[in-house]
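Enquirer: Let me give you the structure first, and then I'll get to my questions.
The values are calculated or read from the model by the stated rules, or taken from the named source; none is laboratory data. Given the structure is predicted, the values throughout are model-derived calculations rather than measurements. Glycine gets a Cβ as well: all are built from the backbone with ideal geometry, and neighbour counts include every protein chain shown. SASA here: full protein model, heavy atoms, side chains in, ligands and nucleic acids out. Shrake-Rupley method; radii C 1.70, N 1.55, O 1.52, S 1.80 Å.
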Amino acid sequence: MTERKKITITTLFNKAAKGEPISWLTCYDYPTAYFQEQAGIDMILVGDSLGMTMLGYDGTLPVTMNDMIRHTQAVRRGAPTAFLVGDMPYMSYQPSDETAIRNAGRFMAEATCDAIKLEGGGEMANRIEAIRNAGIPAIGHLGLTPQSVAALGGFRVQGKGALQAKKIIDDAKTLENAGAFAILLEMVPDRVCKIITERAKDCLILSLGSGPDAHGQLLIYHDMFGLYPKFKPKMAKVFGNAGEVILDGLKDYVNEVGDKTFPQKENWFTIKDDEYDELLDLLD
Ligand code: KIV
């Protein structure tokens, strides 16, 4: 890809105004960030899903701010122009506005993020407002919010009933009014997402499994390429099975070492004959 200009909030709103969908992916490491940048991705989320995809936990709750900062710095090194979003991990924002501002500030100062994302409905409006008032762009996250998965009764679609759908619509407006410049809707029914998108005035609506009518789409990178062994969510599309390619290659390596077909001459280094003879003399 040729050098491109830095993606900013203005770039994103301009795209939405022209009806051009925004592309957004999770990413947790330098080489993947490099490829995503080369592919022209608009936004990157360093999600606390890295607890599962990178660190092998069963959920996101054990992830710390230090985990997030380390991975986000690596991603920024690989993707200097993408709009980079740091995901606030569990208990990095829930306790108080001050805790939230301090940790959001770490994403900006230590990892050069463009924005942060946090989970929760109307009850998080104060946090969004406090972070926004500290000069940090904030993204809300409604619907299936993995940090509250126990309270939500598991990984399931949110807002299937009219009352629950109405609450998500109201929460979206509350977060927008609190200053969220974007909201992610995860596993919300398509027509509910459409209503929220149509009603959003100064707020970008992004969809993860919530249909085509949002301003943009998010996918979890590991789900796109068969890289997470424990499960594949229904909403994820597999764009290529890198997991299978890697596993086949690893089996071949184990077999080739076993049957001595690896290494071949091009895979090792040699010493010149005269140096070798001199070495043998030295050893004698
Ligand atoms: O952590 C993450 O990747 C997320 C997505 C599930 C939206 O928050």
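Enquirer: If GLY154 meets every condition in (1) among the small types (Gly, Ala, Ser); (2) within 16 Å of the ligand (Cβ to nearest atom); (3) at pLDDT 95 or above apart from one, which number is that one?
Expert: So the condition that GLY154 fails would be (3).
Enquirer: When you check PRO80 against the structure, is it open to solvent by 60 Å² or more (accessible area, probe 1.4 Å) and closer than 18 Å to GLY140 by Cα, yes or no? Walk me through it before giving the result.
Expert: Numbers: open to solvent by 60 Å² or more (accessible area, probe 1.4 Å): yes; closer than 18 Å to GLY140 by Cα: no.
In short, no.
Per-residue answers, yes or no, for (1) buried (at least 23 other Cβ atoms within 10 Å of the Cβ); (2) outside any helix (DSSP H, G or I):
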residue: ASP67; (1), (2): no, no
residue: VAL75; (1), (2): yes, no
residue: LEU84; (1), (2): yes, yes
residue: TYR93; (1), (2): yes, yes
residue: GLY105; (1), (2): no, no
residue: ALA109; (1), (2): no, no
residue: LYS117; (1), (2): yes, yes
residue: MET124; (1), (2): yes, no
residue: ILE128; (1), (2): yes, no
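Enquirer: For the range 190-237: of the residues being in contact with a Gly (Cβ under 6 Å, 6 or more places away or on another chain) and either in a loop (DSSP other than H, G, I, E, B) or hydroxyl-bearing (Ser, Thr, Tyr) (or both), which is nearest to SER148 (Cα to Cα)?
Expert: Of all residues in the range 190-237, those in contact with a Gly (Cβ under 6 Å, 6 or more places away or on another chain) come to 190, 192-193, 206, 225-227, 235.
Those still in the list that are either in a loop (DSSP other than H, G, I, E, B) or hydroxyl-bearing (Ser, Thr, Tyr) (or both) too: 225-227, 235.
Details: PHE225: 26, GLY226: 25, LEU227: 24, MET235: 20 Å.
The extreme case among them is MET235.
Enquirer: Still on this structure: List pairs: first in the range 98-112 and within 13 Å of ARG127 (Cα to Cα), second outside any helix (DSSP H, G or I) and of a type in the set (Phe, Trp, Tyr), Cβ under 6 Å, 6+ apart or cross-chain?
Expert: Hits for this filter: ALA100/TYR93.
Enquirer: Name the residue that is farthest from SER49 (Cα to Cα), counting only residues in the range 171-227 that are open to solvent by less than 30 Å² (accessible area, probe 1.4 Å) and of a type in the set (Ser, Thr, Tyr).
Expert: Looking at residues that are open to solvent by less than 30 Å² (accessible area, probe 1.4 Å) and of a type in the set (Ser, Thr, Tyr), I get THR197.
Enquirer: Suppose the filter is away from the ligand (no atom under 14 Å from the Cβ), open to solvent by less than 40 Å² (accessible area, probe 1.4 Å) and not β-branched (Val, Ile, Thr); does ALA17 pass it? Break it down into steps so the answer makes sense when it comes.
Expert: Working: away from the ligand (no atom under 14 Å from the Cβ): yes; open to solvent by less than 40 Å² (accessible area, probe 1.4 Å): no; not β-branched (Val, Ile, Thr): yes.
Judged against the criteria, ALA17 is not a match.
Enquirer: Identify, from the list LEU208, LEU175, LEU204, the residue that is within 16 Å of the ligand (Cβ to nearest atom), over 23 Å from PRO62 (Cβ atoms) and touching a Leu at 6+ places or on another chain (Cβ under 7 Å). Steps first, please.
Expert: Numbers: LEU208 fails: over 23 Å from PRO62 (Cβ atoms); LEU175 fails: touching a Leu at 6+ places or on another chain (Cβ under 7 Å).
None of the others qualify; the one that does is LEU204.
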